[in-house]
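Novice: Can you read through this structure? Questions will come right after.
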Amino acid sequence: MNKREVARDMPPCITRRAAGVRAASIANFPSQQSRRICFHSRGSLAIPTFHVAHCPHRSRRTRPDLLSTHTIFLAAVLVACSAPETSARTPSAAAAAPTAAARGVAADSSSLLGKADQGRIRGDSSAKLWLIMVSDFQCPYCRQWHDEVFATVMRDYVSTGKVRIAYLNFPLGIHQNAMPAAEAAMCASVQGKFWEMHDAIFRTQDRWAGLPDPRPVFDSLATTVGVSPAAYRSCVESRATRPMILADEQRASVAGVRATPTFFIGSGELEGAVPLPEFRAALDKALAGTR
């Protein structure tokens, strides 16, 4: 069986080892553990390309603005912190970008999308390192990473002021309820409850993932985390945050994101349900570079 036949027979949610038919991409990992990902297949053949910060034999690519015009602050952060080492962008210009962007978001912070955008950011505004999480609420490997790694990252890095974290939506078409879940989270974000809803959605993934209509579950979760039910329902029913979610997905795709979860850590990138020791090492290495 050739490589194309192997890839064609794989389910959409695949292990990194199985998908990595290019042996070199696996050999370059410091750990040989299988990395599970939910892969966004295009066409009939699903072979992802790998781009990992600690893979020493792969060059970094310039990543364009990943976010919509509504997410001005996050967009500039990604431009500033994801510029490759060989970029001609000057340090002063990179440092100025988030500041200029913050002014744009502040002017729009009273709008529904401005509130949704601000709600998905957590951490000290003076933190020197950004962690951008590209995720799909129905992806089982995103939940795996959430269950095994997320709480520690929040406790040891975000709560201590070392790292600022933001969530970027990438609902895969192979997951029928990923978009409703993203809308539920972003509508909760409008009311400042994104991270509570984020945790609740992942925690209950087994309850709603296979339902023909998951909205009653999300409505219940939203009430539990403390949102105003009427405002939340209005947001969901009008699909008010869908343009932001679709823009997240489009820009992530253009930037080369093909699987969930994907993480941008400073100027580096990790893909898959990376185990805690390795994720911690990546954060520590990136933090060391900010000193």
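The values are calculated or read from the model by the stated rules, or taken from the named source; none is laboratory data. As the structure is a prediction and not an experimental result, all values here were calculated from the model. Cβ sites come from the backbone with ideal geometry, for glycine too, and all protein chains shown count toward neighbours.
Novice: Does D284 fit the bill of being free of Cβ contacts under 8 Å to residues at least 12 places away in the same chain, charged (D, E, K, R) and closer than 29 Å to S126 by Cα? So that I can check it myself, show each step before the final result.
Specialist: Details: free of Cβ contacts under 8 Å to residues at least 12 places away in the same chain: yes; charged (D, E, K, R): yes; closer than 29 Å to S126 by Cα: yes.
Yes: the conditions hold for D284.
Novice: Being touching a helix residue (DSSP H, G or I) at 6+ places or on another chain (Cβ under 8 Å) and charged (D, E, K, R) is the filter; apply it to segment 270-291 and report the residue that is farthest from I165 (Cα to Cα).
Specialist: The selected residue is E271.
Novice: Also, I was wondering about something else. Would segment 280-291 turn up any residue that is within 14 Å of the chain's Cα centre (by Cα) and over 18 Å from Q176 (Cα atoms)?
Specialist: For segment 280-291, residues within 14 Å of the chain's Cα centre (by Cα) and over 18 Å from Q176 (Cα atoms): absent.
Novice: Oh, and also: Are any of the residues in segment 256-271 at positive phi and at pLDDT 95 or above?
Specialist: Scanning segment 256-271 turns up no residue that is at positive phi and at pLDDT 95 or above.
Novice: Is there a residue being of a type in the set (A, V, I, L, M, F, W, C), surrounded by fewer than 17 Cβ atoms within 10 Å (Cβ to Cβ), out of contact with any strand residue (DSSP E or B) (no Cβ under 7 Å at 6 or more places or on another chain) and at pLDDT 95 or above anywhere in segment 105-113?
Specialist: Looking for residues that are of a type in the set (A, V, I, L, M, F, W, C), surrounded by fewer than 17 Cβ atoms within 10 Å (Cβ to Cβ), out of contact with any strand residue (DSSP E or B) (no Cβ under 7 Å at 6 or more places or on another chain) and at pLDDT 95 or above, one finds none in segment 105-113, hence no.
Novice: Tell me, please, whether a residue that is touching a residue at least 40 places away in the same chain (Cβ under 8 Å), more than 17 Å from the chain's Cα centre (by Cα) and on the phi > 0 side of the Ramachandran plot can be found in segment 229-252.
Specialist: yes
Novice: Still on this structure, please answer the following. Which of the residues spanning segment 135-151 are over 12 Å from the mean Cα position of the chain (by Cα), surrounded by 23 or more Cβ atoms within 10 Å (Cβ to Cβ) and among the polar types (S, T, N, Q)?
Specialist: Q138
Novice: Right, here's the next one. Can you tell me how many residues in segment 152-166 are touching a strand residue (DSSP E or B) at 6+ places or on another chain (Cβ under 6 Å), part of a helix (DSSP H, G or I) and either touching a residue at least 60 places away in the same chain (Cβ under 8 Å) or buried (at least 22 other Cβ atoms within 10 Å of the Cβ) (or both)?
Specialist: 1
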